[in-house]
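Here the structure is laid out as structure tokens; the discussion comes afterwards.
Just so it is clear, none of the values below were taken in a lab; they were calculated from the coordinates. Source: prediction; values computed, not measured. Methodologically, a virtual Cβ is constructed for each residue, glycine included, from the backbone with ideal geometry; neighbour enumeration extends over all protein chains shown.
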Amino acid sequence: MIQIPIFYATTEGQTARIAEQLAVLFREAGYASAAIDVDSPRIETFDWAPVKAVIVGASLHLGRHQASAASFVRAHLHRFLGRPSAFFSVSLSAASVNSAEVREAQRIAREFCANAGWNPDRIVTFAGRLAYSKYGWLKRWMMQRIARKEGGPTDTSRDHELTDWTAVSALAAEIMRDADVRLAS
């Protein structure tokens, strides 16, 4: 009986890591919570009755979020109604020193929700991770060039965590507050 599910779509795994951390924070606060991949067969039998809040996360690549996340939101939007909800977008653009790139990542996150017909209570962007160890040589080289231009980490012998985990914790706290306020009403 999951009270706060975190549904996610991920390409390189950082969105899943953030979703898992959110679930841990909710469980530590006494809520039943789990991170669930939107491509999981578990979605088909998910029990929405005990849900107090809904969170969806997706990663941004080349200006787009995963199509599976958009399909999930459109298919289950009616279940989000009346519940606190949030969307989080994960990208390296969110960590940019260029404020225009940060704003663009935020705009794309808002556009994702609008295109799906969803008006969540919160839309946030989190920086991802430079997963150099997971990239092929060409992508590693390209990502290193981008990181250099941005003043980011360029050591390709290891991965670099850019996610602001304090901001992730803040989102969890806001969702719990919203869920508790709606339950009291």
#### Entry: Ellipticity estimate at 222 nm from DSSP helix runs (n ≥ 4, -39,500 (n - 2.57)) divided over the chain, nearest 500
-14500 deg cm²/dmol
### Query
With contacts defined as alpha carbon pairs under 8 Å and 6 or more residues apart, what's the relative contact order of the chain in percent?
20
### Message
If amide hydrogens are placed 1.01 Å from N in the peptide plane, which non-local residues have theirs closer than 5 Å to the one on F126?
### Response
S89, V90, S91
### Summary
Subtracting the Cα-Cα distance of R107 and T154 from 0.36 nm times their residue separation yields 14.2 nm
#### Entry: Label-zone membership for the stretch 59-81, site A100, 7 angstrom Cα→C-beta point, backbone N under 19 Å
62-64
#### Entry: Euclidean distance between Cα centres, the stretch 11-60 to the stretch 81-100, Å
16
## Note on the structure
Under the rule rounded for a/c under 1.5, else prolate if a/b exceeds b/c, else oblate, using alpha carbon gyration tensor axes a ≥ b ≥ c, the chain is classed as prolate
